[in-house]
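What follows is one structure encoded as structure tokens, with my remarks underneath.
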Amino acid sequence: MTPARHRLPEHAPLTVALALLVAIVAALAVALVTASDRGDAAEHVRTDGRRTIGYGQIAWAGAGPERWAQRWRQSERLLDASRARVRQLETALRRQRRVLLGRPHVVEAINLTCAVYGYCATLWRRARCETGGTFSARAYNATSGASGLFQFLPSTWRSTPFARFSVWSPIANALAAGWMHANGRGGEWSCPW
């Protein structure tokens, strides 16, 4: 006699698979319900004043969209202030250029002195200061009697090698100023530089 083999019904593997699938879905449903209950409880318990991050919101180390907007507004304010300063400097530059281009002999005189004696930046600053920014070779101070582009007093003018020239000549006046700087007499003006 041959042993009888025990055979499972043909639909048994399908039944086992279906039972396993139902068990997995039930376990997932229980896990989701439990997690959502914990989340709701955490949201309601929160009393620190911070906002709850929900779906679609992003927290960048505590900095949400409000902080980024605040940074953008601050950078725009700084940019506006910088633009205003640039406009102010451009206006001053146009005014100076108009003054200098209207007096080419003064520009030439100061540049010639720069080539001969050096001290270029100092001479330009001093001429601007002494003439009040006009760079006028005809500048005159009625109180002290100082005259010319670099505002020489009559006694100081006579002590330079350019005294035989007119104090009103921008070339002679600038060369005398350069000579004074080259000979250690650059501190005799009332302007600090």
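Worth pointing out:
- Options S75, S36; residue that is of a type in the set (S, T, N, Q), part of a helix (DSSP H, G or I), modelled with pLDDT of 75 or more and more than 19 Å from A177 (Cβ to Cβ): S75
- Residue match in the range 136-157 (condition: in a helix (DSSP H, G or I) and in contact (Cβ under 8 Å) with a residue 40 or more places away in the chain): no
- Neighbours by Cβ (under 8 Å, 6+ apart or cross-chain): first from the range 54-80, exposed (fewer than 10 other Cβ atoms within 10 Å of the Cβ) and β-branched (V, I, T); second at pLDDT 65 or above and outside any helix (DSSP H, G or I): I58/G64
- When T160 is tested against (1) modelled with pLDDT of 90 or more; (2) loosely packed, with under 14 Cβ neighbours inside 10 Å; (3) over 15 Å from S190 (Cβ atoms), just one condition goes unmet, and that condition is (2).
- Of all residues in the range 71-127 being within 28 Å of the chain's Cα centre (by Cα) and acidic (D, E), the one that is nearest to E188 (Cα to Cα): E90
- Qualifying residues in the range 114-157 (those that are of a type in the set (S, T, Y) and closer than 25 Å to A92 by Cα) - the one surrounded by the fewest Cβ atoms within 10 Å (Cβ to Cβ): Y140
The values are calculated or read from the model by the stated rules, or taken from the named source; none is laboratory data. All values derive from a computational prediction rather than experimental measurement. Every residue, glycine as well, gets a Cβ built from its backbone with ideal geometry; the counts of neighbours run over all protein chains shown.
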